[in-house]
Amino acid sequence: MIPSQSSRGRLSGRLAGTYPLAETYHALALADEMTRVTHEVSRIVPGATGLSLPGSPNTVVIDRPEWIDRNVATFAHLTEPARRKLAERMQESGTRSQTAAMLAERVMAVETRAVLSLLARRVLGQYELVLPSGEAGDVVAYVGPNILQLERAHQFKPSEFRFWVALHELTHRAQFQGVSWMRDYFLSLVGELVESSRPEPGVLGRVVEEIGERRSAGLPIVDERGLLGLFGSAEQNAVVDKVQALMSLLEGHGHVVMDRVGAERLKSQDRMSRVLKARRQDKRTAALFRLTGIEMKMKQYEQGERFVQVVEREAGWDTVGLAFRGASSLPDLAEIEAPMSWLQRVA
């Protein structure tokens with residue numbers, strides 16, 4: 001039996017959890033503070049990145065359930081073209097196929113909301129390139145309960161921690177607003193990923209065979225892609241690798257800028273950086289993250305940061321900017337793991 005929409009909401013609420021200060025005056029004060037900090041950081045990021053950053057984005061402070069709902073709605077809009085195509089194919093295939101497709105869609109909705117609910121405990125901010133309405137966006141959304149909880153748990157100075165979080169999200173905004181082709185390229189990858197997710201005949205037989213091969217080779221049955229990587233087709237996994245490479249670059253670039261500007265302006269920069277890196281490597285959640293594919297997201301920070309640091313050390317900060325010259329200059333996943341090979345190709 002597939003849970004109803006209301007029970008899915010209750011399930012995601014339990015997984016996401018609550019934070020007592022999320023519904024107090026602290027949350028209201030945070031909303032005003034993050035608007036002010038976002039405007040301040042918007043003036044700093046262009047000089048730190050070399051990327052233009054016109055104006056200031058809209059700023060919202062939301063709670064965990066709203067973050068989940070916004071991402072579910074955005075995902076629904078991005079996948080709508082593929083859903084329409086699938087519905088058309090299923091109509092031609094008869095009632096049984098239509099029922100199977102509806103069941104698969106509802107299962108995927110539950111799984112998506114469950115994964116987002118786990119992430120909702122950890123996300124501090126998000127630059128929204130696409131709004132929940134499906135329209136083009138320019139919004140920085142901060143997850144208020146998580147910011148309040150983390151700064152209180154580790155006794156961070158609120159003004160410094162909030163400035164530091166905004167640095168990361170405003171760097172992402174510079175990547176998409178200051179690089180003219182980036183938004184269209186990113187959305188094209190999303191389109192490819194959605195299109196490649198169409199049902200694959202004989203998938204179960206292929207998965208059983210692949211599990212046997214991985215066992216024989218001494219490899220983990222589920223890698224950092226999670227169950228998506230195990231059940232995904234070769235075509236789909238190739239697109240996932242492109243997305244992984246791009247997000248590793250963007251997250252790594254964002255973290256280097258975040259730490260560099262933070263080191264110049266914030267006394268608690270080193271401690272905040274150490275805490276967040278330790279938080280990403282929490283072994284208590286390692287097995288769950290591997291199954292859901294969140295491990296891949298965590299690796300993006302580590303691999304991307306190392307890529308940017310190696311390129312800067314070997315060829316200077318301006319050379320890092322060559323990655324934003326065009327889609328052909330982006331590092332692929334192999335080059336993210338071996339930065340010198342990217343330097344030899346591009347620089």
For this session: Pop a pseudo-label 7 angstrom from the Cα along the beta-carbon direction at both A73 and R271 and give the gap in nm to one decimal.
Result: 3.9
Problem set entry | Using θ = phi - 60° and Karplus 6.51 cos²θ - 1.76 cosθ + 1.60, couplings along the stretch 121-131 (whole Hz; Gly, Pro as x) | 6, 10, 5, 9, x, 7, 7, 9, 7, 10, 7
For this session: For an R0 of 41 angstrom, estimate the FRET efficiency from the Cβ-Cβ distance between S188 and R280 and round to the nearest 0.05.
Result: 0.90
Problem set entry | FRET E, pair A347, E135, Förster distance 35 Å, beta-carbon r, rounded to 0.05 | 0.40
Seminar exercise, completed: Residues other than Y127 with Cβ under 9 Å of its Cβ, Lys/Arg counted +1 and Asp/Glu -1, net out at -2
Exercise. What is the packing order of peptides 323-333, 235-245, taking the mean over residues of other C-beta atoms within 10 Å and listing the highest first?
Worked result: 235-245, 323-333
Problem set entry | Nonlocal amide H pairs with V130, under 5 Å, H built at 1.01 Å | G137
Exercise. Where does the charge balance sit around A323 when Lys and Arg score +1, Asp and Glu -1, over other residues with C-beta under 12 Å from its C-beta?
Worked result: -2
Exercise. Of K157/K277; K157/K299; K267/K299, which sit over 22 Å apart, Cα to Cα?
Worked result: K157/K299; K267/K299
For this session: Provide the FRET efficiency to the nearest 0.05 for the R152-R43 pair, computing r from the beta carbons and using R0 = 25 Å.
Result: 0.30
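Read-outs throughout are calculated quantities, based only on the coordinates presented, and are distinct from any laboratory measurement. Computed from a predicted model, the values in this text were never measured in an experiment. Counting neighbours? That spans all protein chains shown, and the Cβs are built from the backbone with ideal geometry, glycine included.
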